[in-house]
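To start, the structure itself, in structure tokens.
The values are calculated or read from the model by the stated rules, or taken from the named source; none is laboratory data. This one's a predicted model, so the numbers in the text were calculated from it and none came from an experiment. All accessible areas refer to the heavy atoms of the entire protein, side chains included, with ligands and DNA or RNA removed. Shrake-Rupley method; radii C 1.70, N 1.55, O 1.52, S 1.80 Å.
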Amino acid sequence: MNRTSFFKNTCLEFPLMLDLAESASNAWGPLAVSRMPANEVRALARVAPAQNGLFENGQWTTLPRSRVELGDSWLSEEEKHEIERVVRSKTPTAMSTTWSRLAVRVMSGRNYDYPGGDSFYKDEMKETAAAEGNLQAMIAGDGARYAFPTVGHDKMFTAIDAIVQCMVEIDDAAATLQTPV
Amino acid sequence: MMTSQVVSFDRYGVGWSDENDSGASPSVDECVRDAFFCMKCAMPEQDKWLLLGPSMGSIVAQCMIAQQPDKIAGLLNMDGFPAAFESERENFMSGRKMWAMIPMISWTGIVRMMLSIAPLDAFASQSFTASHIKAQVRDMLSAQLTLTDSLTDTLLECCWLGDCR
């Protein structure tokens with residue numbers, strides 16, 4: 001039990017977290033959004049999520065977008081297809097090939113969208129977060145991103161209905177992709 | 001009725017897992033290896049997995065997928081923060097030094113004094129209040145400490161509330 005060593009352990013978490021992020025980006029290679037041209041990241045960030053709201057009692061309630069979702073509007077279908085074409089034209093990596101066989105759901109919360117948090121969590125990073133989620137959904141064998149504009153990062157576990165729904169969707173999709181669990 | 005089995009674990013050095021008394025951070029490979037080891041121990045017959053990666057766990061999951069792609073069939077990336085955090089390495093390492101310093105200077109009372117004057121309300125939010133942070137830190141150390149840096153708030157959120165409960 002590590003509560004009494006919280007500070008010491010948190011210190012040890014920093015390098016691991018950064019190394020994990022770097023390792024994941026290396027695996028993505030040219031498809032790592034942190035290494036993509038800014039205009040492509042911007043376009044990816046503006047791809048509309050499959051849903052934007054809350055999922056409770058088996059149904060979605062659509063809500064206004066959060067400040068986390070930047071830009072004046074989401075991409076049109078045509079613009080979305082164009083950025084998808086650009087992404088798919090990039091040199092595949094082992095990671096992207098693997099990803100194309102996976103069932104993936106992305107739940108995007110209200111990341112650090114508060115005073116203090118947003119002084120650190122810069123607009124650029126908000127865009128990267130949205131772009132990364134959209135990219136992961138876009139190139140998955142079966143993918144979707146759901147945005148929860150009123151749910152804080154640390155409250156995501158309270159979105160029980162949505163988590164269960166996502167896991168059921170992933171399980172069903174994995175069976176369809178012939179990678180049953 | 002569909003039934004599922006869930007394997008949930010705290011990574012080495014966090015939550016209810018063994019304390020990391022080595023003084024060194026686990027490596028990415030060790031982190032990934034430990035995760036697969038825990039899963040294998042819990043469900044030896046299971047060959048394919050669905051991963052639920054919250055926050056920092058989403059990057060752990062991506063590294064697991066990269067290292068053992070044949071073992072994973074799906075992923076729920078639950079509000080994982082972006083890999084762009086790699087570009088903030090310097091800031092985070094500075095934050096790390098600050099965290100290392102807090103236990104060393106807490107006996108002086110300086111931290112308590114900072115708590116009394118820090119404008120923590122500025123950091124209040126719907127999702128993460130200053131009193132929330134203070135209450136939990138106080139619970140752990142039985143002392144009043146303060147977190148005056150928004151970077152620290154973010155890390156606490158990522159590493160503790162998200163993954164380590």
| query | What accessible surface, in Å², does a 1.4 Å probe find on A:GLU78, ignoring ligands, DNA and RNA and rounding to the nearest 10? | reply | 150 Å²
| request: Name the shape class, rounded, prolate or oblate, that the alpha-carbon gyration tensor gives for segment B:16-85, where a ≥ b ≥ c are the square roots of its eigenvalues, rounded holds for a/c under 1.5, and otherwise prolate holds if a/b is larger than b/c and oblate otherwise. | output: oblate
| query | Can you give the accessible area of B:ASP47 in Å² (nearest 10), computed on protein heavy atoms with a 1.4 Å probe? | reply | 90 Å²
| note | Using a 1.4 Å probe on heavy atoms of the protein chains only, the accessible area for A:ASP19 in Å², nearest 10, reads 60 Å²
| note | Between A:GLY152 and residues 5 or more places away or on another chain, the pairs with built amide H atoms under 5 Å apart involve A:ARG110
| task | Over both sides of the A-B contact, add up the buried accessible area with a 1.4 Å probe and give it to the nearest 100 Å². | result | 7100 Å²
